[in-house]
Every structure is written in C-alpha cells, then in structure tokens.
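Colleague: Provided herewith is a single structure, encoded as structure tokens, for subsequent inquiry.
The values are calculated or read from the model by the stated rules, or taken from the named source; none is laboratory data. Treat the numbers as computed from the prediction; the structure is a model and nothing was measured. A quick note on method: Cβ atoms are made from the backbone with ideal geometry, for glycine too, and the neighbour counts reach across all protein chains shown.
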Amino acid sequence: MLRLQSPLPDRYRDASPEALAEMIGTAKASLGDRVFILGHHYQRDEVMVWADARGDSYRLSVLAQERPEADYIVFCGVHFMAESADVLTADHQAVVLPDLNAGCSMADMADIDEVTEAWEALGDVIDTSRLVPITYMNSSAALKAFVGRHGGAVCTSTNAREILEWAFTRGDRVLFFPDQHLGRNTGIAMGYGHDDMAVWNPRLELGGLDEATVRDVTFLLWKGHCSVHQRFSPAHVEAFRAEHPDGIVVAHPECSHEVCSIADQVGSTDFIIRAVAAAPVGATIAIGTEIHLVNRLAAETPDKTIVSLDPLVCPCSTMFRIDAPHLAWILENLVEGRVLNRITVDPETTEWAKVALQRMLDITQGNPVAEVRDPATDSRPLPV
C-alpha cells in the first residue's frame with residue numbers, strides 16, 4: 001500500500017547523531033508524561049534507546065491503552081501496529097507514526113477488497129456459515145474488523161494454536177490470512193497434514209483452486225508471507241549445524257515449514273527472547289528472525305553466542321524507515337503543538353476490530369466468547 005511521507009527538513013536530515021540525540025532528549029523531556037514512545041523489537045538501536053516500552057505489536061498497543069495520561073503515542077513500528085494502538089487507545093490520545101512509509105509487506109499482501117472478494121467467491125462453493133476467518137495480528141484494522149463481523153478472531157504467533165482450536169468448534173474450516181506460514185506451521189503442529197491445506201492466491205480466479213479442493217481442505221491459507229522470515233532456508237540450518245554441531249536453532253513460526261520442521265525450537269518473538277535467556281551459558285544459538293532483534297540479544301547476552309541463522313539477512317526494510325531524524329522531527333513538532341503523521345481508524349472499523357480482539361482475549365483467557373455479528377454481512381445462525 002502506497003503511503004507518501006513528505007521529505008524531512010534539512011535540519012533533521014543533515015544533523016549529526018549527537019545533535020539528533022540532543023533534539024530527541026530535549027523534546028521528550030519537555031513533553032514529559034504527555035508522550036509515550038513505543039519501540040518494536042525490530043527497531044534499530046538509535047530509536048530503541050528512546051523507547052519507554054519495547055515489545056511486540058499487540059503488547060505495545062495494550063501498554064499504550066494503559067497510559068491514558070499520555071496525549072501522544074509515538075509508535076516506532078509499522079502502520080498496522082499504529083492502527084492497533086489507535087483502536088485500543090482513548091479518543092483523546094493521538095497515535096503517531098514517525099514515517100508514514102513504514103508499512104508491512106505481509107500486511108499489505110491481504111487488503112480488505114481482496115478478502116471480501118475471496119469470501120464472496122467461497123460463498124459460491126461452500127457454506128461460509130461453517131467457514132471461520134482468522135487474521136494474524138500483522139494485518140490492517142480493516143481485516144480485523146472483517147473477522148469481527150464474520151464471527152472470527154485475531155491471533156498472534158503465541159496464541160495461534162489456541163485460536164485455531166477454538167475456530168474448529170465454530171466451523172469446519174478456516175480462512176487464515178495474511179501469513180500462510182504461521183497458518184501452516186500451526187495446523188501441522190495440531191496434527192493436520194499438507195493435504196488438509198491449500199493456498200489461496202487472491203490474484204487468481206477462486207484463489208487458483210478448483211471447487212473440489214475448496215470443498216475438501218480444512219485450511220485455506222492466504223498467499224502471504226513475511227519478507228524477512230521467508231529468506232531463511234533449510235540450507236541455512238544445515239550450514240549452521242555443520243559449523244556448530246551442538247548449536248541451537250530457534251525459528252519464528254513465520255519461517256517456512258521446511259525450516260521450522262528441522263529447527264530445535266519454534267516460537268514467537270517473546271518465545272525467542274525467553275529461549276535465549278534459558279539457554280545454558282556458552283551456548284551458540286542461531287535465530288531465524290529479524291536482524292535487529294538478533295543483534296540486540298547478542299549484545300545483551302554476552303555469555304552466549306547469538307547469531308542470525310542467515311549471515312546475510314537484511315533488516316525489515318519497512319521498519320528500518322523509522323530512524324532518529326524522523327523521531328526528532330515528530331517530537332519537536334509535538335512540543336510546538338503540531339501533531340504530524342497521526343494514524344486514525346474510523347469508528348465503525350474500530351468497533352468491529354475491537355470485537356475480534358476481544359474474542360481473542362476471551363478465548364485465551366478461558367472466558368465465554370460473546371457471539372457478536374453484523375447481520376448485514378453474516379447470516380450464519382448463532383450457536384445454541
């Protein structure tokens with residue numbers, strides 16, 4: 001999705017790291033508790049050093065929700081993360097993204113028009129009252145609202161299995177988007193096979209599938225992926241083990257199944273952080289995830305050797321757009337009362353996205369899951 005960020009003034013583009021640090025520090029001190037800076041795990045260090053909280057996308061949005069005294073939430077992440085924060089925070093809080101071009105290639109692989117068209121096409125072949133849509137947290141607010149309207153839920157890489165198990169109490173099959181790899185890896189961990197899954201290509205008629213396949217499979221996996229995690233391959237695992245026979249391979253479930261099936265451990269970003277902490281002193285660990293997190297773990301864990309599973313892996317190019325010049329620009333304008341790059345989600349989308357997020361919380365916390373559906377878009381009967 002194209003988003004246009006205006007060029008930065010020369011004052012910020014030409015400033016030295018020391019001058020930028022002075023600008024950021026002075027502005028942050030001036031704003032005090034009125035600003036809350038969130039730093040995603042994949043951020044570069046020059047930005048992360050200023051974060052009031054760091055974590056994954058959903059956790060950071062929850063932390064923003066818990067800070068009502070902050071008028072400004074500066075989200076050093078990507079667009080869908082800032083949308084989630086706007087959905088969860090109060091109306092008086094402005095969520096700001098330092099660079100509007102900081103998007104997510106995976107999230108952009110499934111947009112609301114494509115998903116709506118897919119749902120309608122599937123409705124001509126199968127009973128969509130028995131099809132449960134599940135969207136990964138790494139998706140737009142519009143897609144979160146879509147699953148809210150249609151009786152589905154949001155999932156994270158931590159709780160994907162729990163959400164999918166719930167989905168199969170509500171229907172016979174799932175439409176999982178936008179990351180095919182998380183859906184496939186989770187489904188296989190649940191005991192399903194590759195024959196139970198098919199990839200839906202939104203660029204092809206009926207997703208590139210025939211009607212028999214659509215009727216037969218249990219998982220319809222959207223043709224989407226993370227551009228960083230897609231890079232890791234079994235060859236990287238083999239090369240690491242050849243050099244470090246006693247080494248540990250930890251992969252994120254956004255990696256392909258071919259990688260995850262031979263990794264020693266597979267889990268979310270928080271899981272990876274805990275796995276590094278739990279590893280014995282002196283361990284050599286190759287991690288299949290974004291390089292800034294890997295490098296930060298290496299620096300913070302000097303008693304272990306932490307390396308990227310792919311020595312040549314690139315950073316998340318869209319996350320990388322957030323830098324010290326953009327952060328200084330945003331903060332100094334906030335001091336002057338100018339809110340730039342505000343991310344807003346319309347009220348109706350916010351309402352239904354909250355429904356999908358609340359379902360996720362109810363499922364994972366063992367609470368009864370309220371059946372809230374939009375009769376204009378979902379005619380399936382409520383379960384008795």
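Colleague: Return the only residue of VAL339, VAL345, VAL294 being touching a strand residue (DSSP E or B) at 6+ places or on another chain (Cβ under 6 Å), modelled with pLDDT of 75 or more and not in a helix (DSSP H, G or I).
Modeller: That would be VAL339, the only listed residue that is touching a strand residue (DSSP E or B) at 6+ places or on another chain (Cβ under 6 Å), modelled with pLDDT of 75 or more and not in a helix (DSSP H, G or I).
Colleague: Next question, about the same structure. Can you tell me which of VAL35, VAL47, VAL62 is of a type in the set (A, V, I, L, M, F, W, C), touching a Gly at 6+ places or on another chain (Cβ under 8 Å) and either outside the structural domain of GLN93 (by TED's automatic domain parsing) or in contact (Cβ under 8 Å) with a residue 24 or more places away in the chain (or both)?
Modeller: VAL47
Colleague: Just give me the residues in the range 169-203 being over 21 Å from the mean Cα position of the chain (by Cα) and closer than 19 Å to THR128 by Cβ, in sequence order.
Modeller: THR169, ARG170, GLY171, ASP172, ARG173, ASP196, MET197, ALA198
Colleague: When the residues of the range 131-156 are narrowed to those that are surrounded by fewer than 24 Cβ atoms within 10 Å (Cβ to Cβ) and out of contact with any strand residue (DSSP E or B) (no Cβ under 7 Å at 6 or more places or on another chain), which ends up farthest from SER84 (Cα to Cα)?
Modeller: ARG149
Colleague: Being on the phi > 0 side of the Ramachandran plot and surrounded by 15 or more Cβ atoms within 10 Å (Cβ to Cβ) is true for just one of GLY247, GLY207, GLY191, GLY183. Which residue is that?
Modeller: One residue alone meets the criteria, GLY207.
Okay, residues lined up against (1) touching a Phe, Trp or Tyr at 6+ places or on another chain (Cβ under 8 Å); (2) closer than 26 Å to PHE36 by Cα; (3) of a type in the set (A, V, I, L, M):
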{"position": "GLU114", "(1), (2), (3)": "no, no, no"}
{"position": "VAL125", "(1), (2), (3)": "no, no, yes"}
{"position": "ARG149", "(1), (2), (3)": "yes, no, no"}
{"position": "ALA153", "(1), (2), (3)": "yes, no, yes"}
{"position": "ILE163", "(1), (2), (3)": "no, no, yes"}
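Colleague: Also, I was wondering about something else. Could you check, for the range 170-189, whether at least one of its residues is free of Cβ contacts under 8 Å to residues at least 24 places away in the same chain and either in a loop (DSSP other than H, G, I, E, B) or within 20 Å of ILE287 (Cα to Cα) (or both)?
Modeller: no
Colleague: Further question: Name every residue in the range 294-344 that is over 16 Å from ALA27 (Cα atoms), of a type outside the set (Val, Ile, Thr) and in contact with a helix residue (DSSP H, G or I) (Cβ under 6 Å, 6 or more places away or on another chain), in order of residue number.
Modeller: Hits for the range 294-344 are LEU297, SER308, LEU309, ASP310, PRO315.
Colleague: Here's a check for you: in the range 325-344, which residue that is under 17 Å from GLN93 (Cα atoms), more than 26 Å from the chain's Cα centre (by Cα) and in contact (Cβ under 8 Å) with a residue 40 or more places away in the chain is surrounded by the fewest Cβ atoms within 10 Å (Cβ to Cβ)?
Modeller: Filtering the range 325-344 for residues that are under 17 Å from GLN93 (Cα atoms), more than 26 Å from the chain's Cα centre (by Cα) and in contact (Cβ under 8 Å) with a residue 40 or more places away in the chain, the one surrounded by the fewest Cβ atoms within 10 Å (Cβ to Cβ) comes out as VAL335.
Colleague: List the number of the failed condition for GLN43; all other conditions in (1) in contact with a strand residue (DSSP E or B) (Cβ under 6 Å, 6 or more places away or on another chain); (2) part of a loop (DSSP other than H, G, I, E, B); (3) over 26 Å from ARG296 (Cα atoms) hold.
Modeller: For GLN43, the failing item is (3).
Colleague: Being under 19 Å from TRP352 (Cβ atoms), among the small types (Gly, Ala, Ser) and in contact with a strand residue (DSSP E or B) (Cβ under 7 Å, 6 or more places away or on another chain) is the filter here, so list the residues in the range 69-91 that pass it.
Modeller: Correct list: ALA82, ALA85.
Colleague: Considering every residue within the range 308-324, establish whether at least one is in contact (Cβ under 8 Å) with a residue 60 or more places away in the chain, in contact with a Leu (Cβ under 8 Å, 6 or more places away or on another chain) and small (Gly, Ala, Ser).
Modeller: For the range 308-324, residues in contact (Cβ under 8 Å) with a residue 60 or more places away in the chain, in contact with a Leu (Cβ under 8 Å, 6 or more places away or on another chain) and small (Gly, Ala, Ser): present.
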